[in-house]
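Notes follow the structure.
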Amino acid sequence: MGQATGMKLEEAIHFADRVNRISVSPTMAVMQEAERFKARGADVVDFGPGEPDFPTPDHIKRAAIKALEENRTKYTATPGIAPLRQAICEWHAAQLGSSYEPAECIVTVGGKHAVFNSVCSLISAGDEVVVPAPYWVSYPDMVKYAGGKTVPVATHEKDGFCPRAEQIENAITPRTRMVIINSPSNPTGAVIPRDEFAAILDVCQRHGCWLLSDECYSHFSYGDARPYSIASVPDSKDRVIIAGSFSKTFAMTGWRLGYALAPSPLIGAITKLQSQSVSNPTSIAQYAGLEAMRGPMDSVAVMLAEYARRRQRIVAGLRAIPGVTCTAPQGAFYVFPNVSAHLNSDMPNDMALAKQLLEREHVAVVPGEAFGGPGHVRISYATSMERIEEGLRRISRFFGGGK
Ligand SMILES: Cc1ncc(COP(=O)(O)O)c(C=O)c1O
């Protein structure tokens, strides 16, 4: 302890550079702050969490109980149990038009882990990763952890936050190893039109970069848009990595189950990494996942219909507030309103705005800055209609527009 005297404990510990380079997910930080208010008895309208407010469907829960009763509680193969890898390939083919074999599939501890493993397997010091902004908060930190550099490509409200292939191409340099695309997007809800997505793939193929497609929200798109995977494009597989998740589609956030689909040598590298870290995803969760892949999909349609109703209400409610503009999200369950007209010397940025909104009105939102989208906030509408109404009332009052 002598060394720690007169120094902060953190300084004395001397963490590894790779950990010093990253920070705690800002969405987690907002959730923690909201929890503090709740612990003091405040009635917080929590628009922070990016998780379905629906329970995991019964047939999936029953499969987990059965797995427990049958003592399927031991280590599994590192890339996951064989029937699940097979079932993921079949489900992805049926739902999203791909053609993967089990050797091209690994089961991971959530979709986040699929992205993390892919980034850590491919990105070395000095490599560049092109990411449209606003982006999911974790991409830049994962790239930093691996020693790489994120090159953001700005997208705009007027284009529905859709990146264009030309912009991606302009950001590519000889150091670019990967492009990460998330459609439907967290935080903007943007869904990339199929021809634009194909053009982005073409850019990646011509420049010899990986296209990592994060399909976490694949089954939540509105209107005419159907679930779509870039892996359905013929001859795409050599350059494409699919990161998939059970979390949102099947309301299974806590089970921690996801997958990666990629050329088998890359799956081999990811398996090596996984074998030296988590060993395998939880056995019981894998049996639940097997049921999710093979069982009925009715619950997904029910959730989508409810999200669609909430989306309509929240977009209308936000647009009714003077000085707030809001693009209608095409997918996922977030809105990303522009609040920059309300920034002033007391509230100079979206971080300060989110802080004051929580303190004064007990409404939790995530500052846009965290997603590379300053001047905005992210609101998750994965919460009940009644809480949405209450939240809208408070946000409107906060901006001086309502009772
Ligand atoms: C864009 C995106 N990708 C991946 C994930 C990770 O999901 P999980 O690790 O729960 O499967 C999330 C979670 O919020 C997300 O928003």
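The values are calculated or read from the model by the stated rules, or taken from the named source; none is laboratory data. Worth saying up front: this structure is predicted, and the values here are computed from it rather than measured. Cβ placement follows ideal geometry from the backbone for every residue including glycine, while neighbour counts extend to all protein chains displayed. Side chains are part of the model used for accessible areas, which takes the heavy atoms of the whole protein and leaves out ligands, DNA and RNA. Shrake-Rupley method; radii C 1.70, N 1.55, O 1.52, S 1.80 Å.
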Discussion item. Please list, ordered by chain and number, the residues whose modelled amide H lies under 5 Å from the amide H of residue 46; skip anything fewer than 5 residues away on the same chain.
Written reply: 364
Worksheet item: Based on the Cβ-Cβ distance of residue 345 and residue 301, what FRET efficiency does E = 1/(1 + (r/R0)^6) give at R0 = 45 Å, to the nearest 0.05?
Response: 0.40
Practice prompt. For segment 332-403, report the translational diffusion coefficient in µm²/s to the nearest whole number, using Stokes-Einstein at 20 °C, 1.002 mPa s, and a Kirkwood Rh over Cα pairs.
Written response: 174
Item to complete: Rounding to the nearest 20 debye, state how big the charge dipole of segment 145-299 is about its Cα centre with +1 on each Lys and Arg Cβ and -1 on each Asp and Glu Cβ.
Response: 520
Worksheet item: Which Rg and Dmax, in Å, describe the Cα atoms of segment 292-372?
Response: 16.1, 55
Discussion item. Above 34 Å lies some portion of the pair distances; for the chain, what is it as a whole percent of all C-alpha pairs?
Written reply: 31
Practice prompt. Take the eigenvalues of the Cα gyration tensor for segment 11-74, scale each by 5, and report the square roots as semi-axes in whole Å, largest first.
Written response: 33, 25, 12
Discussion item. Quick check on segment 96-212: what does the Kirkwood estimate of hydrodynamic radius come out to from the alpha carbon pairs, in Å?
Written reply: 14.7
Fill in: Pairs beyond 27 Å (Cα-Cα), from 112/237; 112/149; 38/149; 38/61; 74/112; 38/144
38/149; 38/61; 38/144
Worksheet entry | Values of log10 I(q)/I(0), in the order q = 0.18, 0.29 Å⁻¹, for segment 256-310 under a Debye, Cα-only, solvent-free model | -0.79, -1.12
Discussion item. Normalised by the empirical 2.2 N^0.38 Å for globular proteins, what value does the Cα Rg of segment 249-403 take?
Written reply: 1.35
Practice prompt. Could you go through segment 332-343 in sequence order and give the Karplus-derived ³J(HN,Hα) for each residue, using 6.51 cos²θ - 1.76 cosθ + 1.60 with θ = phi - 60°, rounded to whole Hz, and x for Gly and Pro?
Written response: 6, 9, 10, 10, 10, x, 8, 10, 5, 5, 9, 7
Worksheet item: Just how large is the dipole of the chain about the Cα centre, in debye to the nearest 20, putting +1 at every Lys and Arg Cβ and -1 at every Asp and Glu Cβ?
Response: 460
Worksheet item: So who's got an amide H within less than 5 Å of the one on residue 210, skipping anything under 5 residues away but keeping other chains? H placed 1.01 Å off N, in plane.
Response: 178, 179
Worksheet entry | Rounded to 5, the percent of DSSP beta bridges in the chain classed as antiparallel | 45
Worksheet, complete the sentence: Along segment 390-399, Karplus-curve 3J(HN,Hα) (6.51, -1.76, 1.60; θ = phi - 60°) to the nearest Hz, with x for Gly and Pro, reads 5, x, 4, 4, 5, 5, 4, 5, 4, 8
Worksheet, complete the sentence: A correct Kirkwood calculation over the Cα atoms of segment 16-165 returns a hydrodynamic radius in Å of 19.4
Fill in: Computed P(r) (all Cα pairs; segment 157-237; 10 Å bins; percent)
17, 53, 27, 2
Response to the item:
Which residues qualify? For residue 377, with a placed amide H closer than 5 Å and at least 5 residues away or on another chain, they are 339, 368
Discussion item. Looking at segment 149-307, I'd like the Rg to Rh ratio, where Rg is from alpha-carbon atoms and Rh is Kirkwood's inverse mean 1/r.
Written reply: 0.98
Item to complete: Could you pull the accessible area for residue 47 with a 1.4 Å probe, rounded to 10 Å²?
Response: 0
Worksheet item: When the gyration tensor of segment 152-198 is built from Cα positions, what are the square roots of 5 times its three eigenvalues, in whole Å, from largest to smallest?
Response: 19, 11, 11
Worksheet item: In whole Å and largest first, what semi-axes does the C-alpha gyration tensor of segment 205-293 yield when each eigenvalue is scaled by 5 and square-rooted?
Response: 23, 21, 9
Discussion item. Whole percent per 5 Å bin, from 0 to the bin with the longest distance: what is P(r) over all C-alpha pairs of segment 122-177?
Written reply: 4, 21, 27, 23, 15, 7, 2, 0
Practice prompt. Report the label-to-label distance for residue 12 and residue 308 in nanometres (one decimal), using points 7 Å from each Cα along the Cα→Cβ vector.
Written response: 6.0
Worksheet item: Full extension from residue 202 to residue 125: what is 0.36 nm times the residue separation minus their Cα-Cα distance, to one decimal in nm?
Response: 25.1 nm
Discussion item. Nearest 500 deg cm²/dmol is fine: what mean residue ellipticity at 222 nm does the chain get from its DSSP H runs of n ≥ 4 alone, each adding -39,500 (n - 2.57), divided by its residue count?
Written reply: -12500 deg cm²/dmol
